[in-house]
Every structure is written in structure tokens, then in C-alpha cells.
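Here the structure is laid out as C-alpha cells; the discussion comes afterwards.
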Amino acid sequence: MNVNLDENPATDMTALLQPPTRNEEVSEGDQLYCPTEVQILVVDDEEPVCSLIQRALVRPNFHVDTISQPDKIEAQLQARKYHLIILDYNIPGLKAETLFDWFQDHQRDASVIVVTGYPSIDSVVTCLRARTFDF
């Protein structure tokens with residue numbers, strides 16, 4: 001997806017925050033071969049961030065779910081198996097260790113990528129101990 005923010009930043013950012021459509025046009029260079037549908041979960045307490053990441057991942061054979069309500073995360077993890085989980089490290093009301101325990105219990109085979117706006121040595125160590133794929 002190419003976005004030119006120089007022309008009209010307000011319009012372009014609004015377009016990025018709109019939920020993607022499953023049939024959205026993807027250029028030939030952006031197509032990947034997937035023998036099966038890739039299941040991705042985006043976990044962030046800010047819904048616009050979830051929508052932005054979801055929109056960036058629109059591809060044929062990619063199914064991207066988002067969850068921004070902390071009280072519904074564990075149920076979502078139990079509902080479907082994911083290949084990849086993109087996680088905001090700081091979710092109000094939840095400790096990262098709790099999330100990592102849920103991933104171990106319900107999504108043992110999923111790769112986890114952690115993103116945060118507030119990195120620290122403690123958060124890096126916690127993620128390494130939880131065997132996240134990337135931080």
C-alpha cells in the first residue's frame with residue numbers, strides 16, 4: 001500500500017484508519033505465496049493503532065483480527081489459533097507476564113512480536129524470557 005502524505009495529510013491519515021476490506025486491491029509486487037490463510041492477531045488498547053496495523057497487513061490469504069478490550073483478550077486467544085500475534089507491551093489493567101502466560105496456554109505455536117512506545121530494560125528482559133519473536 002502506497003500512501004503519499006504530502007498531498008493532504010488529514011485525508012490520507014483518515015483513509016489509513018479505516019478498516020480494510022478483504023477484497024482491497026493489492027499490487028503484484030505485494031503478493032505472497034501462502035499455502036494456507038495466515039491468521040494474525042493485533043492486540044493494542046488503542047483501536048486506531050489496531051486499525052492502522054490491520055490495514056498495513058491487508059494481503060490475499062492474510063486474516064487479521066484485532067482486539068483492544070483487555071477483558072476480552074483471553075477469550076479471543078481461546079477462540080482461534082494464530083500464526084502471528086502483534087502485541088502492545090503496555091495494556092492498561094494487564095501485566096505483560098499475564099499476556100505471555102495466556103499465549104503459552106492458548107497460542108503455544110504463535111510467533112509474538114512486541115511493540116511499545118515505552119521501552120525499558122525490564123520489558124526487554126520480560127520479552128526475552130517469554131521467547132517473543134521480536135521486540
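The values are calculated or read from the model by the stated rules, or taken from the named source; none is laboratory data. Predicted model only: the values in this text are computed from it and were never measured. Glycine gets a Cβ as well: all are built from the backbone with ideal geometry, and neighbour counts include every protein chain shown.
Numerical summary
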{"read-out": "Scan of region 93-123 for residues that are in contact with a Phe, Trp or Tyr (Cβ under 6 Å, 6 or more places away or on another chain) and surrounded by fewer than 17 Cβ atoms within 10 Å (Cβ to Cβ), ordered by number", "value": "S111, I113, T116, S123"}
{"read-out": "When residues of region 101-127 are limited to those that are touching a strand residue (DSSP E or B) at 6+ places or on another chain (Cβ under 7 Å) and hydroxyl-bearing (S, T, Y), the one modelled with the lowest pLDDT", "value": "T116"}
{"read-out": "Given (1) modelled with pLDDT of 90 or more; (2) touching a helix residue (DSSP H, G or I) at 6+ places or on another chain (Cβ under 9 Å); (3) more than 19 Å from S51 (Cα to Cα), index of the condition A75 fails", "value": "(2)"}
